[in-house]
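The values are calculated or read from the model by the stated rules, or taken from the named source; none is laboratory data. What you are looking at is a predicted structure, and each value in this text was computed from that prediction instead of being measured. FYI the Cβ positions are ideal-geometry reconstructions off the backbone, even for glycines, and counts take in every protein chain you see. The accessibility values were calculated without ligands, DNA or RNA, using every heavy atom of the protein model including side chains. Shrake-Rupley method; radii C 1.70, N 1.55, O 1.52, S 1.80 Å.
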Amino acid sequence: QLLQQEKYAEAHEILKQHPQGEIHDLFEGYVCAMLGNYTEAKKQLNRCTASEYAMVASYYLGLIYAQEGKFPSAIKNLETAMNEPHLEVVCKPILVDVYKQQAVKYAQAGEQDKANRLWNKIAQLAPQDAAADNAVAAALQDGYRYASEGNFGQAMRAWRRLINQGVQHPALLQNYAIACDRNENYDAA
C-alpha cells in the first residue's frame, strides 16, 4: 500500500523489519532505487536469482543502469528481462531508446560496426521507429558497394542479413530482389 502511495521512505522502514529473502530483496531494491540510492538498489536486486524474481530484478537493474548512463549494462539487463513475456511490452521501448543512445556513442567514437549492430537490433524490435532507417541505410550502403563492383552475391548477403532479422523495408526488399535477379537467382527474386 505504501508503494502504491509512493511513500518509499516508510515502505523502506517496514522492509527493514521483515526477514530476508528474494522477494524482500526485490522490493528493497525497488524502494532503494525510488529513493535514489542506486548502489544499494543494485546490491539488493543482484541477490535475486530465483527465476520468478530474476527477470523483474533484471528489468529494474536495466532501468537503473540506463538512468546512470551505463548503457552496455542496461542493454544486458533489459535484453534478459525481454525474455519474460509479461515484461516484453514495458522493456521494448526502453531497450530501443538505450540502443539508440549507445549506437550514437559508438558512432561518435568511430566504432561504426558496433553502432550498426545496434541499429539492426532497433530495426528488428521497432521497424517503424525512425532510428531503424539507420540500419537500413547502413545495409543498403554496404550492399551498394558490392553491387557497384559487380559482386551481387555479396550484396545479396549484406541485405539478406537484415531481412533475416525481420526488417521489411521496401528499399531493402527491392534492392535484394534486383540483386537476386542479376545473380540469376529468380526464385529468391
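Table for the structure above
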quantity	calculated
Hey, Asn77 under 30 Å from Thr49 (Cβ atoms), within 13 Å of the chain's Cα centre (by Cα) and free of Cβ contacts under 8 Å to residues at least 24 places away in the same chain or not	yes
Scan of region 105-135 for residues that are over 17 Å from Met82 (Cα atoms), surrounded by 16 or more Cβ atoms within 10 Å (Cβ to Cβ) and of a type in the set (A, V, I, L, M, F, W, C), ordered by number	Ala107, Ala115, Trp119, Ala131, Ala132, Ala135
Members of region 161-181 that are open to solvent by 90 Å² or more (accessible area, probe 1.4 Å) and modelled with pLDDT of 85 or more	Gln174
Among (1) among the acidic types (Asp, Glu); (2) within 26 Å of Cys91 (Cβ to Cβ); (3) modelled with pLDDT of 80 or more, the one test that Asp133 misses	(3)
Test for Asn77: is it open to solvent by less than 40 Å² (accessible area, probe 1.4 Å) and polar (S, T, N, Q)	yes
Answer residue from region 1-55, given it is among the hydrophobic types (A, V, I, L, M, F, W, C) and not in a helix (DSSP H, G or I) and is most open to solvent (accessible area, probe 1.4 Å) among those	Leu35
